[in-house]
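Remarks on the structure that follows.
What follows is calculated from the coordinates using simple rules that are stated; it is not laboratory data. The model shown is predicted, which means the values in this text are computed figures rather than measured ones. FYI the Cβ positions are ideal-geometry reconstructions off the backbone, even for glycines, and counts take in every protein chain you see.
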């Protein structure tokens with residue numbers, strides 16, 4: 001079984017890119033992630049007091065030297081980032097993402113839909129397609145949000161894609177997913193923190209922020225964009241006729 005840790009970029013209000021990414025960790029390899037994160041903490045923080053007070057690796061703070069990482073040398077912070085991201089590639093973990101340009105989205109055929117909800121749906125379906133070939137079971141774990149409206153919206157979208165008790169009808173999309181989605185506080189979930197790191201540097205690349213390009217190189221071979229066929233293409237009967245000519 002895979003643990004799919006999903007994180008979104010909604011906290012960055014200045015960005016035109018809305019993105020949801022999922023880090024896929026086989027359940028029997030989770031201990032490796034926990035151990036690597038512990039090693040990074042010990043290398044980054046010098047005193048027992050600092051380690052005891054540490055709560056989480058938040059990509060924005062770790063990269064920029066904010067909050068818990070204020071005053072820590074850039075070289076040390078960057079080395080911690082590499083330790084964590086190299087683990088993604090070395091252990092063969094997959095990172096699936098979906099992203100929408102809000103400006104372009106507003107003029108699209110589906111521009112009335114919420115960009116974050118759409119990226120969530122696309123990302124979840126991308127995970128399903130990634131694991132479907134192996135018929136592997138997966139559990140969806142989403143970064144917790146204090147926005148109750150957003151939380152309800154994401155859960156509703158999940159339930160539309162993964163209906164209860166798997167009735168055998170064509171509308172069902174997440175055949176290999178656990179029967180419920182879960183929300184986890186990033187402070188208590190190293191999987192969410194790792195997903196946040198991946199999400200942060202893929203998002204920066206999509207915005208052409210080249211100052212962090214070398215971090216993306218740490219795991220770029222394991223990154224793929226969800227490419228799910230739009231539903232309306234299935235209704236194009238005339239394409240089938242044209243293809244048959």
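Descriptive notes on the structure:
- Compared with the dominant principal axis of the Cα atoms in the chain, helix 148-161 is inclined by about 50°.
- Three-way shape call for the stretch 16-104 based on the alpha-carbon gyration tensor, with the a/c threshold at 1.5: oblate
- Relative to the longest principal axis of the Cα atoms of the chain, helix 115-132 runs at roughly 90 degrees.
- Separation in nanometres of the label points that stand 7 Å from Cα toward Cβ, at residue 49 and residue 224: 4.9
- Distance from the stretch 1-53 to the stretch 96-120 (C-alpha centre basis), Å: 25
- Order of 32, 94 - criterion: other Cβ atoms within 10 Å of each residue's Cβ, fewest first: 32, 94
- Ranking of 63, 30, 57 by count of other Cβ atoms within 10 Å, fewest first: 30, 63, 57
- Per-residue ellipticity at 222 nm, computed for the chain from helices alone with -39500 (n - 2.57) per DSSP H run of at least four residues, works out to -13500 deg cm²/dmol.
- FRET efficiency for the residue 67 to residue 172 pair, using the beta carbon distance and R₀ = 35 Å, is estimated at 0.25.
- Projecting label points 7 angstrom from Cα along Cα→Cβ for residue 150 and residue 135 puts them 3.8 nm apart.
- FRET efficiency for residue 106 and residue 159, using Cβ-Cβ distance with R0 set to 22 Å, rounded to 0.05: 0.25
- Summarising the strand pairing of the chain, around 55 percent of its internal DSSP beta bridges are antiparallel.
- Cα-based radius of gyration for the chain, normalised by 2.2 N^0.38 Å, reads 1.08.
- Highest mobility in the GNM of the chain, judged by mean-square fluctuation with C-alpha springs under 10 Å and restricted to 109, 99, 184, is found for 109.
- Take every pair of alpha-carbon atoms less than 8 Å apart whose residues are at least six positions apart; their mean separation over the length of the stretch 2-227 yields a relative contact order of 33 percent.
- Size descriptors for the stretch 100-200, from the alpha-carbon set: Rg then Dmax equal 14.6, 39 Å.
- Degrees between helix 190-206 axis and first principal axis of the chain (Cα, 0 to 90, nearest 10): 70
- Taking 81, 17, 39 as the candidate residues, the one with maximal mean-square fluctuation in a Gaussian network model of the chain, Cα springs under 10 Å, is 39.
- Cβ-based exposure ranking for 178, 172, in which fewest neighbours within 10 Å come first: 172, 178
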